[in-house]
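The block underneath contains the structure these notes are about, expressed in structure tokens.
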Amino acid sequence: MGSAQTLIIEWVARGLPLSVVLTADTGTEREETYAYLPIFQKWMDDHGIEHHVVHYVPKRFKHWPPYFTLLENCLTNATLPSISFGRHSCSFKWKIQPQDQWVAQWQPAQRAWARGQRVVKLIGYDSSPADTRRYAHREGHVSPLYDYRYPLREWGWDRERCASRIRAEGLPIPIKSACWVCAAQKPHELMTLPRWCLRLIVLLEARAAPRLRNVEGLWRSSTKSRPGSMTLFIRANALLDPAEIDAIIAGAPVDLVDFQLVAADIPIERRPQMREWIERFNEGVDRLAA
């Protein structure tokens, strides 16, 4: 946890050149991740490091309400994140592509490419087993524009060493960065999500259910420790009231489709965005909490 922050902290401490730091935001990170972001941004500001948050921005919406997050994308298309189908295109679309698009407009990169050079991209995979598997997936990836380096792996640093380095810097240790609708999420992680996230997970699976064939839900398929559907896990562990779950499944997808049909008849410049419907959906949590 905190591998990317550790890489930046140690790289700067060693006096190595660092031009810019990019953070890709899918719009569906955990609340703790968003709370940590300004803490580390201040650290970078204090050390004179240029940094930017980048997002995937769709350009064509056809007859759909505009969407700007991974969750909104899935709700619009009545599907699940690609990792639930055994693919990893959501990482490319929502993380890699926005960073590459930003760099493509960055003058230092343009000048380097004009000279026939490549931009060095530092990636924060450490030497832990989990990141070793992620590294193995990318190993051998070749780009005409980038040279990829994995400094934490070059230094032999694992998660424990990363955490120790962050503590030594006087910073809190961040949780693992991950979307709360990701199939890689562990059951104990799901159990710590706020109710509004749990409600949206139920909605997401209900919205996609009519189109699923060999996939049970966000977790794809059942194991000995959990079902393939996060909704079933939420129900079995009483994380939401059963009546609330039933109401979301029965009513919310229908209301969402009605919203999309109305939006289709509105010119794009005045068309309501998907986040407006989600905000209205989340008002149900506020009413129950009042």
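Here Rg/Rh (Cα atoms, Kirkwood Rh) was calculated from the structure, and among (1) 1.37; (2) 0.96; (3) 0.99 it sits at label (3).
Relative to the longest principal axis of the Cα atoms of the chain, the long axis of helix 274-289 lies at roughly 70 degrees.
Name the residue, out of S82, S177, S128, whose mean-square fluctuation peaks in a Gaussian network model built on the chain with Cα pairs under 10 Å. Taking springs between Cα atoms under 10 Å, the residue moving most is S128.
Rolling a 1.4 angstrom probe over the chain with all protein chains present gives an accessible area of which 54% lies on carbon and sulfur atoms.
How far is helix 3-13 tilted off the main Cα axis of the chain, in degrees rounded to 10, range 0 to 90? The helix 3-13 is inclined about 20 degrees to the chain. Please report the spacing between the Cα centers of the stretch 177-192 and the stretch 220-247 in Å, no decimals. Here the answer is 13 Å between Cα centres.
Once you sort the root eigenvalues of the Cα gyration tensor of the stretch 108-220 as a ≥ b ≥ c, which label holds: rounded (a/c under 1.5), prolate (a/b larger than b/c) or oblate (the other case)? Because a/c hits 1.5 or more and a/b fails to exceed b/c, the stretch 108-220 counts as oblate. Assuming charge only on the beta carbon of Lys and Arg (+1) and of Asp and Glu (-1), the dipole of the chain about its Cα centre is about 960 debye to the nearest 20. For K93, the aspartates and glutamates whose Cα falls under 19 Å of its own Cα, not counting residues fewer than eight places away in the same chain, are D25, E29, E72.
Each Lys and Arg adds +1 at its Cβ and each Asp and Glu adds -1 at its Cβ; summed about the Cα centre, the stretch 1-134 shows a dipole of about 740 debye. Rounding to the nearest 10 and keeping the result within 0 to 90°, find how far the Cα-based axis of helix 129-138 lies from the longest principal axis of the chain. For 129-138 against the chain, the angle is about 80 degrees. The shape of the stretch 216-284 comes out prolate: with a ≥ b ≥ c from the C-alpha gyration tensor, a/c is at least 1.5 and a/b beats b/c. Skip the ligands, DNA and RNA, and give the accessible area per residue of the chain with a 1.4 Å probe, whole Å². Value for the chain: 53 Å² per residue.
How would the stretch 1-82 be classified by its alpha-carbon gyration tensor: rounded, prolate or oblate, with rounded meaning a/c under 1.5 and the a/b versus b/c comparison settling the rest? Here the stretch 1-82 falls in the prolate category. Normalised by residue count, the stretch 3-169 yields a Cα convex hull volume of 148 Å³ per residue.
When each of the peptides 44-54, 261-271, 244-254 is scored by the mean number of other C-beta atoms lying within 10 Å of its residues, the order from highest to lowest reads 244-254, 44-54, 261-271.
Taking a straight Cα-Cα cut-off under 16 Å and skipping sequence neighbours fewer than 8 places away in the same chain, the lysines within cross-link reach of K95 are K121, K176.
The values are calculated or read from the model by the stated rules, or taken from the named source; none is laboratory data. The model shown is predicted, which means the values in this text are computed figures rather than measured ones. Here the Cβ is made from the backbone with ideal geometry for all residues, glycine too, and neighbour counts use every protein chain on show. Just so you know, the surface numbers come from the protein's heavy atoms only, side chains and all, with ligands and any DNA or RNA stripped out. Shrake-Rupley method; radii C 1.70, N 1.55, O 1.52, S 1.80 Å.
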